[in-house]
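Written below as structure tokens is the structure these notes are about.
The values are calculated or read from the model by the stated rules, or taken from the named source; none is laboratory data. Small disclaimer: the values here were computed from a predicted structure and weren't measured. Every residue, glycine as well, gets a Cβ built from its backbone with ideal geometry; the counts of neighbours run over all protein chains shown.
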Amino acid sequence: MAKRSKRNLWMIPVYAVLILWSLTTIYPLIWVGLNSFKAKDKILSDSFSVPTGDLFTLANYRRAFDRVPIFGAYANSILLSGTVTLVVMLLAGMAAFALVRYLFRGRKFLSSLVVASMMFPAFSTIVPVFRMEASWGLVNNSSRWISLLACALPQIAGNMSFAIIVLSGYIRSLPVELEEAAFMEGCNARQIYGKIVMPLAKPSFATVAIFTFLWSYNDLFMQSFFLRIQDQWAITRLLKELTAMEGTNYGLMAAAVTIVVVPVIILYAFLQKYIIRGMIAGAVKG
């Protein structure tokens, strides 16, 4: 009991430091959210007060929804990020299963190549990727679907390495005896992967899906290159254009940032247990 009490006392300053650190991260989001309900002249003169009474206004949100097609941009973001997530999970899962469970010539080289590919940022490959897609007729296309496809392809390629590494670590930790028993019962590789590996690796697939979706949702770099027409903009590209049009209208900028960030925070709040479960499970079993 004495040791436990002493350990609890030592945890008080640790928790105090963690709380202060979390406030430095949370407070800017709260500050932006509060100022989104103030007129732009009030933000400069009274930016730290709570918007109540005459200080409270919805004009920034009304202006944001009137100036740009926000709901269409949200639809484009969900379609783009959802497609990227599904394709990454499908391809990365099969690639990870093959790299972990099959012995073939060049397997170690391919595994090293997957890890090495994470060293190259998107900035270093955007020129050849853009020229390649331009030669295919995908760039500056008036079709919304083709432009979203042009943006989705490099995002899929950019997320594959991370997904393969995470899924490989988890699949490697699964007992191979289950797969051998299924093989003895007459299951082929596709059935073993679909009925044994995927159900057992759900936490890892959930982790990959959440991170891939959020990265695609927030990827302004690729969207700036491939989504050129207004009805093709995703929500982060819309925020960039809105702030560029309005200049120093800080109230409208705060409202636009809130519109973009709040769905991500809600998504993470509901799915954080799956992220933690997938990362911890893979670490413990591995």
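Brief remarks follow.
- Taken over the range 43-56, the residue count meeting the criterion of being surrounded by 14 or more Cβ atoms within 10 Å (Cβ to Cβ) and either touching a residue at least 40 places away in the same chain (Cβ under 8 Å) or closer than 26 Å to residue 220 by Cα (or both) is 1.
- Residue list for the range 28-78, restricted to those being touching a helix residue (DSSP H, G or I) at 6+ places or on another chain (Cβ under 8 Å), among the β-branched types (Val, Ile, Thr) and under 30 Å from residue 152 (Cβ atoms): 32, 68, 70
- Any hit, the range 209-222, residues being surrounded by fewer than 17 Cβ atoms within 10 Å (Cβ to Cβ) and touching a helix residue (DSSP H, G or I) at 6+ places or on another chain (Cβ under 7 Å): yes
- Residue 60 vs. criteria touching a residue at least 60 places away in the same chain (Cβ under 8 Å), surrounded by 11 or more Cβ atoms within 10 Å (Cβ to Cβ) and under 28 Å from residue 208 (Cβ atoms): no
- Any hit, the range 140-157, residues being under 16 Å from the mean Cα position of the chain (by Cα), assigned by TED's automatic domain parsing to the domain that holds residue 197 and among the β-branched types (Val, Ile, Thr): yes
- For residue 141, the conditions (1) in a helix (DSSP H, G or I); (2) without any contact (Cβ under 8 Å) to a residue 24 or more places away in the chain are fulfilled apart from (1).
- The range 166-181, residues that are in contact (Cβ under 8 Å) with a residue 60 or more places away in the chain and either in contact with a strand residue (DSSP E or B) (Cβ under 6 Å, 6 or more places away or on another chain) or in a helix (DSSP H, G or I) (or both): 166, 167, 168, 169, 170, 171, 172, 173, 176, 179
- Some residue of the range 104-122 being modelled with pLDDT of 85 or more, surrounded by 17 or more Cβ atoms within 10 Å (Cβ to Cβ) and hydrophobic (A, V, I, L, M, F, W, C): yes
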